[in-house]
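The values are calculated or read from the model by the stated rules, or taken from the named source; none is laboratory data. Just so we're clear, the structure is a prediction, and the values are computed from it rather than from any experiment. All Cβ positions, even for glycine, are placed from backbone atoms using ideal geometry, and neighbour counts span all protein chains on display.
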Amino acid sequence: MQNHYPLWKNLLILIVLAISVVYSLPNIYGSDPSVQVAPTLKGKLDQPQADLIKTTLSNAGLEIKEFEFSKDQILIRFNNTDTQLKAADILRDKMGDNISVALNLASSTPKWLRAVGANPMYLGLDLRGGVHFLLEVDMAAAIKQAEERYNLDVRALLRNEKIRYDSVAKDEGAIKITLKDVKDKQKTFEVLDRDFHNLDVKESVANPNEILVKISEKEKLDLKKNAVDQNITTLHNRVNEIGVAEPVIQKQGDSRIVVQLPGIQDTSRAKEILGKTATLEYRLVDVEHDVQKAVAGEIPVGSRLYHEVNGNPVLLDRHVIVTGAEIVDAAYVPDQDGRPAVSITLNGLGAKKMGSMTQKNIGKPMAVVFIEYKSENKVIDGKKVHHREKVEKVISIATIRDSFSKRFQTTGLDSPEEARNLSLLLRAGALAAPVEIVEERTVGPSLGQANIDAGMRSFEIGFGAVVLLIAVYYKLSGVIANVALTFNVFIVIAILSLLQATLTLPGIAGIILTVGMSVDANVLIFERIKEEIKNGNPIQTSIFVGYDKAFATILDSHFTNLVVAVVLFAFGTGSVKGFAVTLIIGILSSMFTAITVTRMISNWVNGGRKLEKLSI
């Protein structure tokens, strides 16, 4: 039978359509004004804190719609924005510095949909409002910093190996080593190859006593990639201080970072946070004195009182072993027993100091202190004063098991997740390379809502006009095409929702364009069927041939559009890339619905019986 699908194909198409409808449904539900509570540094919220938050809000007479608690965050839903704002103010006053309180719009998707992983798309800044920054990472500075580190490391290595030299200095992108004795050249090559395998070492043509050391091209690529990755981690940590729900911080191209802060309107405050400086210090823990006496005010000479992230007091030696400036790399690596640990790599100077200190203090605990400088504007005596505060917190304490210097592991961590967080924090204590804000824009919430209204109105008018035109011109066949067109929209929205994509105004434009392309494919099919009927072919044969011969033309036109969309995605940035993603999904979806879904429905309506006339 020509116009008939087997049962399995019909079922497969129906299952795809049913799944699409289910996973697109969350987008029709609204959002609840909510407050999101989360820890600013490593650690988790516990049940007593959750109970305290709930009790505090209840005692304030605030009605809570829903209270959701997980190991990572607390989400409190309210019935209106007034209650939301009051709750946020109360919690910011009540909770300590380790907790961030952020305003949020939480989806009110029913639990049965959330249970199957159905969630709505995120809204971009142009629809929700907020601040957008495009940051340029100074890659030349990242390479220059690395050259300076290697310059110090090479000098320290030569001294340790008793290799005499006249000078070790940077020279036009290279480190030039001038040896006192040419006989030491072979030994110099050996020790450099042993300790710095990522450097290119070669003899100088101009002087037999000179050796030129350059950072390899592969190492430069790694340095640039790490500079961007570490800056992204740093920015994530800093954005947490602002209290932003669902921030977007992602890499764009090779050297740029996009920072989007939904709901934030104060660009000066955002700039201030993104530009903060931070560093790290390693200190020995003072185990000889009573920390409680120190808390009471009796701090021993040679020690300082600090607090851990959880608030516990701890006494540390005043002498700093090494700082974050001397950390070259940090990574999560399980130790030989499979326990979570963080591998640290220091530069030459840091390695020398760490080696000397640990050799004398085996068995004693050592702490990592995270230091940052927070800036804020305060009103004092009626005047606005810019206040800069130094904040110091102990983020890790581990016991020194053996003497170490350049490379070592920090153990005693509770979980692999904690170890990964610590390694990221160590790498991101300060920006790995300078950044410059090259683009900045602010979208107000009212403008965001206006964009949503305008986008939806455009979609409704465009979709309605197309549906009406197709139904009038192609009659019953047009109605079939409109059913497939509706499912096409469901499929696009479902895929975007499953990908947890961020919907922007250009994204809405992409969905509207998809509607036109989907109908275009049906027009090609229907016109081909009409031609076959005019040529005197039977109606069933005309339907079969129409779908069969129109396929090549549809494939050709859609493939051309797909190539353009892929090029836009590959070379575009920001909203252009978002438009391209929607367009790619729409092109593939429209081919499926225009060719497969319409044919299935046509088979049900027209297949299996003799037709004298086709409503087309």
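Here K54 passes the criteria (1) assigned to a helix (DSSP H, G or I); (2) surrounded by 15 or more Cβ atoms within 10 Å (Cβ to Cβ); (3) at pLDDT below 85 except the one numbered (3). For the range 595-610, the condition holds for at least one residue, the condition being that it is part of a helix (DSSP H, G or I), of a type outside the set (K, R) and in contact with a His (Cβ under 7 Å, 6 or more places away or on another chain).
Which of the residues belonging to the range 341-367 are part of a loop (DSSP other than H, G, I, E, B) and in contact with a Ser or Thr (Cβ under 6 Å, 6 or more places away or on another chain)? Working first, answer last.
Within the range 341-367, the subset part of a loop (DSSP other than H, G, I, E, B) is 341, 347, 361-364.
Selection gives A341 alone.
Please tell me if S255 is loosely packed, with under 15 Cβ neighbours inside 10 Å and either over 21 Å from S343 (Cα atoms) or modelled with pLDDT of 75 or more (or both). Against the criterion (loosely packed, with under 15 Cβ neighbours inside 10 Å and either over 21 Å from S343 (Cα atoms) or modelled with pLDDT of 75 or more (or both)), S255 does not qualify. Taking I587 as the residue in question, decide whether it is part of a helix (DSSP H, G or I), modelled with pLDDT of 85 or more and touching a Gly at 6+ places or on another chain (Cβ under 7 Å). Spelling it out, it is not the case that I587 is part of a helix (DSSP H, G or I), modelled with pLDDT of 85 or more and touching a Gly at 6+ places or on another chain (Cβ under 7 Å).
Kindly provide the set of residues from the range 108-134 that are of a type in the set (A, V, I, L, M), in contact with a strand residue (DSSP E or B) (Cβ under 8 Å, 6 or more places away or on another chain) and modelled with pLDDT under 85, ordered by number. Walk me through it before giving the result.
Our first condition is that a residue be of a type in the set (A, V, I, L, M); within the range 108-134, this holds for 113, 115-116, 118, 121, 123, 125, 127, 131, 134.
Keeping just the survivors that are in contact with a strand residue (DSSP E or B) (Cβ under 8 Å, 6 or more places away or on another chain) gives 121, 123, 125, 127, 131, 134.
If the condition is that a residue be of a type in the set (A, V, I, L, M), in contact with a strand residue (DSSP E or B) (Cβ under 8 Å, 6 or more places away or on another chain) and modelled with pLDDT under 85, then M121, L123, L125, L127, V131 are the ones that fit.
Which count do you get for residues in the range 527-547 that are more than 11 Å from L614 (Cβ to Cβ) and not acidic (D, E)? Residues meeting the conditions: 9.
Looking at the range 564-584, which of the residues that are outside any helix (DSSP H, G or I) and touching a residue at least 40 places away in the same chain (Cβ under 8 Å) is surrounded by the most Cβ atoms within 10 Å (Cβ to Cβ)?
First, pick out the residues of the range 564-584 that are outside any helix (DSSP H, G or I): 572-574.
Then keep just the ones that are touching a residue at least 40 places away in the same chain (Cβ under 8 Å); that gives 573-574.
Values: T573: 13, G574: 16.
Among them, the one singled out is G574.
Going by the conditions given, is K293 in a helix (DSSP H, G or I), exposed (fewer than 14 other Cβ atoms within 10 Å of the Cβ) and either modelled with pLDDT of 80 or more or assigned by TED's automatic domain parsing to the domain that holds I395 (or both)? The answer is yes for K293.
Mind telling me which of the residues D184, D166 ends up being of a type outside the set (V, I, T), modelled with pLDDT of 80 or more and part of a strand (DSSP E or B)?
Details: D184 fails: part of a strand (DSSP E or B).
After ruling out the rest, the residue left standing is D166.
Considering only the range 274-289, I want to know if a residue exists there that is of a type in the set (A, V, I, L, M), at pLDDT 85 or above and surrounded by fewer than 17 Cβ atoms within 10 Å (Cβ to Cβ). Within the range 274-289, one or more residues are of a type in the set (A, V, I, L, M), at pLDDT 85 or above and surrounded by fewer than 17 Cβ atoms within 10 Å (Cβ to Cβ). In the range 62-140, counting only helices (runs of 4 or more DSSP H) that sit wholly within it, the ones holding 1 or more residues that are within 30 Å of V438 (Cα to Cα) span 125-128. Does A206 satisfy being in contact with a helix residue (DSSP H, G or I) (Cβ under 6 Å, 6 or more places away or on another chain) and either more than 30 Å from G448 (Cβ to Cβ) or charged (D, E, K, R) (or both)? Answer is no for this residue.
Return the residues of the range 457-495 that are aromatic (F, W, Y), over 21 Å from L123 (Cβ atoms) and touching a residue at least 60 places away in the same chain (Cβ under 8 Å); say none if nothing qualifies. Result: Y474, F487.
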